[in-house]
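Engineer: After the structure tokens below, expect a handful of questions from me.
The values are calculated or read from the model by the stated rules, or taken from the named source; none is laboratory data. Quantities reported herein were computed from a predicted structural model and do not represent experimental measurements. So basically every Cβ, Gly included, is an ideal-geometry build from the backbone, and we count neighbours across all protein chains shown. Side chains included, ligands, DNA and RNA excluded: accessible areas come from the protein's heavy atoms. Shrake-Rupley method; radii C 1.70, N 1.55, O 1.52, S 1.80 Å.
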Amino acid sequence: QVHVVESGGGLVQSGGSLRLSCAASGPTFDDYAMGWFRQTPGKERTFVAAVSWSGITTYYADAVKGRFTISRDDAKNTAYLQMNSLKPEDTAVYYCAASLRTNLYTEGDYDYWGQGTQVTVSS
């Protein structure tokens with residue numbers, strides 16, 4: 001089992017940057033692909049980015065491609081989401097999740113979820 005905890009959210013101005021961290025417990029972190037999703041009130045959780053268990057392959061939603069970068073450090077059991085050129089429409093609760101699957105674009109592909117961290121981008 002993997003326990004996931006996000007951190008790094010906060011308030012930032014449009015055009016600014018934030019780095020989210022996702023710390024995972026458990027001896028098999030490097031077996032899991034890691035993903036980030038986001039959710040705004042009244043809407044479904046949507047895919048943001050994912051990184052394969054090996055760290056070699058990354059996946060991004062079109063809305064964040066070129067601005068966000070996902071990475072992982074298996075020595076620290078941590079995944080990261082570097083968010084640059086933030087826009088007000090990036091405002092959401094960001095969730096980290098762990099998956100043993102190869103398809104990583106939907107909520108159902110993930111086995112373990114964190115509680116989320118709020119990101120607010122002011123205009």
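Engineer: Note down all Cβ pairs under 6 Å where the first residue falls in segment 1-23 and is charged (D, E, K, R), the second is in a loop (DSSP other than H, G, I, E, B) and open to solvent by 20 Å² or more (accessible area, probe 1.4 Å), and they're at least six residues apart or on different chains.
Structural biologist: Arg19/Gly8
Engineer: Shifting gears a bit: (1) surrounded by 15 or more Cβ atoms within 10 Å (Cβ to Cβ); (2) in a loop (DSSP other than H, G, I, E, B); (3) modelled with pLDDT of 95 or more: which one isn't true of Met34, the others all being true?
Structural biologist: Single failed check for Met34: (2).
Engineer: Whether any residue in segment 83-97 is without any contact (Cβ under 8 Å) to a residue 24 or more places away in the chain, surrounded by 13 or more Cβ atoms within 10 Å (Cβ to Cβ) and of a type in the set (Val, Ile, Thr) is what I want to check.
Structural biologist: Checked segment 83-97: no residue is without any contact (Cβ under 8 Å) to a residue 24 or more places away in the chain, surrounded by 13 or more Cβ atoms within 10 Å (Cβ to Cβ) and of a type in the set (Val, Ile, Thr).
Engineer: When you scan segment 34-51, do you find a residue that is touching a residue at least 12 places away in the same chain (Cβ under 8 Å), more than 23 Å from Asp111 (Cβ to Cβ) and not small (Gly, Ala, Ser), even just one?
Structural biologist: Yes.
Engineer: Based on this model, can you work out whether Leu20 counts as over 15 Å from the mean Cα position of the chain (by Cα), assigned to a strand (DSSP E or B) and closer than 13 Å to Val119 by Cβ?
Structural biologist: no
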